[in-house]
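Colleague: Following this message is one structure expressed as structure tokens.
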Amino acid sequence: MNDAFKALSDPTRRRILELLSDRDMSAGEIAEYFDISKPSISHHLSTLKAAGLVRKGQNIIYSLNTTIFQDLIKWFFDFSKGGASK
């Protein structure tokens, strides 16, 4: 879960997740929304993938992985109730 929080700390990666919440996209399509190099976009996507926040399809189409978000929400809920494990 720490990887997910680290991945979410970057505004570019958060924006990528927002884009993917609308529809699945290729890395090239994602790059069109940013004024940074394609290798930088690839690095951000790799970080998101390593954290389990996105998954790569057979044709390298990225999609949002909602399972990890459900885990994060559960953690926040448990934490707010004082039940999160340390």
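Colleague: From the set of residues in the range 20-34 that are in contact with a strand residue (DSSP E or B) (Cβ under 9 Å, 6 or more places away or on another chain) and aliphatic (A, V, I, L, M), which is most open to solvent (accessible area, probe 1.4 Å)?
Modeller: ALA27
Colleague: Here are some residues: SER42, SER37, SER46. Which one is open to solvent by 30 Å² or more (accessible area, probe 1.4 Å) and more than 15 Å from the chain's Cα centre (by Cα)? I'd like the intermediate steps shown before the answer.
Modeller: On the way: SER42 fails: more than 15 Å from the chain's Cα centre (by Cα); SER46 fails: more than 15 Å from the chain's Cα centre (by Cα).
Just one listed residue meets the conditions, SER37.
Colleague: What residue, among those in the range 58-76 that are open to solvent by 50 Å² or more (accessible area, probe 1.4 Å) and in a loop (DSSP other than H, G, I, E, B), is modelled with the highest pLDDT?
Modeller: So, considering only residues that are open to solvent by 50 Å² or more (accessible area, probe 1.4 Å) and in a loop (DSSP other than H, G, I, E, B), the one modelled with the highest pLDDT is ILE60.
Colleague: Having 1 or more residues that are among the basic types (Lys, Arg), touching a His at 6+ places or on another chain (Cβ under 8 Å) and closer than 26 Å to LYS74 by Cβ is the bar; report the helices (runs of 4 or more DSSP H) wholly within the range 5-57 that clear it.
Modeller: Passing ranges, in order: 11-22.
Colleague: Select from the range 21-77 the residues that are more than 18 Å from ALA7 (Cα to Cα) and among the aliphatic types (A, V, I, L, M) and list them in ascending order.
Modeller: Listed by number, the residues that qualify are MET25, ILE60, ILE61.
Colleague: Do any residues in the range 1-21 that are under 16 Å from SER63 (Cβ atoms) have Cβ atoms under 6 Å from those of residues that are loosely packed, with under 13 Cβ neighbours inside 10 Å, where the two are at least six apart or on different chains, and which pairs are they?
Modeller: none
The values are calculated or read from the model by the stated rules, or taken from the named source; none is laboratory data. If you're wondering where the values come from, they're calculated on a predicted model, not measured in any experiment. Note that we place each Cβ from the backbone using ideal geometry, even for glycine, and neighbour counts take in every protein chain shown. Keep in mind that these areas ignore ligands, DNA and RNA; they rest on the heavy atoms of the full protein, side chains included. Shrake-Rupley method; radii C 1.70, N 1.55, O 1.52, S 1.80 Å.
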